[in-house]
Amino acid sequence: MNREKFLTINEIFFSLQGESTRLGIPTIFIRLTGCPMRCHYCDTAYAFDDGKKMSFENIVEYIKPYKSKFITLTGGEPLVQKEAYAFLEVLCDMGYQVSLETGGAESIQDVDERVKIILDIKTPGSGESDNYLWENLDYLKSMDEIKLVITSHDDYLWARQIINDKKLIGKYEILFSPSYEDMDVKNLAQWILDDALPVRLQLQQHKIIWGQKKGV
């Protein structure tokens, strides 16, 4: 008999995708509980501990009414729950276009190859750059994306150096995102232009529309 599988869910909601190259697309979001990191700019600290245990079957039934084929599994850090790997496979088998937002502290090696991975590289301004699994870069696919949250000019210089040293430019879509209410987006935009850096400036559209709150 197959063992019933569960995840601890912080929230499930339907909103516009606020980040990545799928920006603006109506998307089902499944936010899992738990995270090993404590980034200084974290906007989902409410997901560290609070959550409800749900079976895979119950989660699937819950999301069925939403009229979208796009799903994002996020957190916290979704991969800290080991059943998340199997659940991503379930969603792909159901025909969903699945993306995974991960902070890079857990291995992405066993993530289903059909999943679009949005992988953070933690800058020094996050306070978590020393806890990053650099080997995750070895498991990225060409369709995956890399995100760096920039908190200062020092972060920008560090990020510019990293993407050059790791030879990431041209291999993946690279997103530079200003830390919300910390980094002046005009400054970040100008630095990118001054260097003609081939990255995408990413704003968190959901926060522009609704502000910083749950369920968006």
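Remarks
- Looking only at the range 77-102, and only at residues there that are of a type in the set (S, T, N, Q) and out of contact with any Gly (no Cβ under 9 Å at 6 or more places or on another chain), the one that is nearest to Tyr132 (Cα to Cα): Ser99
- None of Ile169, Ile192, Ile108, Ile121 is within 14 Å of the chain's Cα centre (by Cα), β-branched (Val, Ile, Thr), over 25 Å from Lys69 (Cβ atoms) and modelled with pLDDT of 95 or more except Ile121.
- One residue stands out among those in the range 193-207 that are surrounded by 12 or more Cβ atoms within 10 Å (Cβ to Cβ) and charged (D, E, K, R): the one that is farthest from Leu23 (Cα to Cα), which is Asp195.
- Filtering Ile146, Ile162 for residues that are in contact with a Ser or Thr (Cβ under 9 Å, 6 or more places away or on another chain) and among the aliphatic types (A, V, I, L, M) leaves a single hit, Ile162.
- Residue check, Ile71 β-branched (Val, Ile, Thr), part of a helix (DSSP H, G or I) and buried (at least 17 other Cβ atoms within 10 Å of the Cβ): no
- Of residues in the range 166-216 being touching a strand residue (DSSP E or B) at 6+ places or on another chain (Cβ under 7 Å) and small (Gly, Ala, Ser), the one farthest from Thr44 (Cα to Cα): Ala189
- Of the numbered criteria (1) part of a loop (DSSP other than H, G, I, E, B); (2) of a type in the set (Gly, Ala, Ser); (3) in contact with a strand residue (DSSP E or B) (Cβ under 6 Å, 6 or more places away or on another chain), the one Ala105 fails is (3).
- Glu57 vs. criteria of a type in the set (Asp, Glu), surrounded by 14 or more Cβ atoms within 10 Å (Cβ to Cβ) and modelled with pLDDT of 95 or more: no
- Options Asp49, Asp43; residue that is of a type in the set (D, E, K, R) and in contact with a Gly (Cβ under 9 Å, 6 or more places away or on another chain): Asp49
- Test: Ser152 is in contact (Cβ under 8 Å) with a residue 40 or more places away in the chain and of a type in the set (Ser, Thr, Tyr): no
Condition check ((1) surrounded by fewer than 23 Cβ atoms within 10 Å (Cβ to Cβ); (2) in contact with a helix residue (DSSP H, G or I) (Cβ under 7 Å, 6 or more places away or on another chain); (3) over 27 Å from Leu157 (Cβ atoms)) across all residues:
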residue	(1), (2), (3)
Leu88	no, no, yes
Asp93	yes, no, yes
Ala105	yes, yes, no
Arg114	yes, yes, yes
Glu128	yes, no, no
Leu137	yes, no, no
Leu140	yes, no, no
Ile146	no, no, no
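- For the range 76-95, a tally of residues being in contact (Cβ under 8 Å) with a residue 60 or more places away in the chain, assigned to a loop (DSSP other than H, G, I, E, B) and within 17 Å of the chain's Cα centre (by Cα) returns 2.
The values are calculated or read from the model by the stated rules, or taken from the named source; none is laboratory data. The shown structure was predicted, so the numbers you read here are calculated from the model rather than taken from an experiment. Using ideal geometry, Cβ is built from the backbone for each residue, glycine included, and neighbour counts are taken over all protein chains shown.
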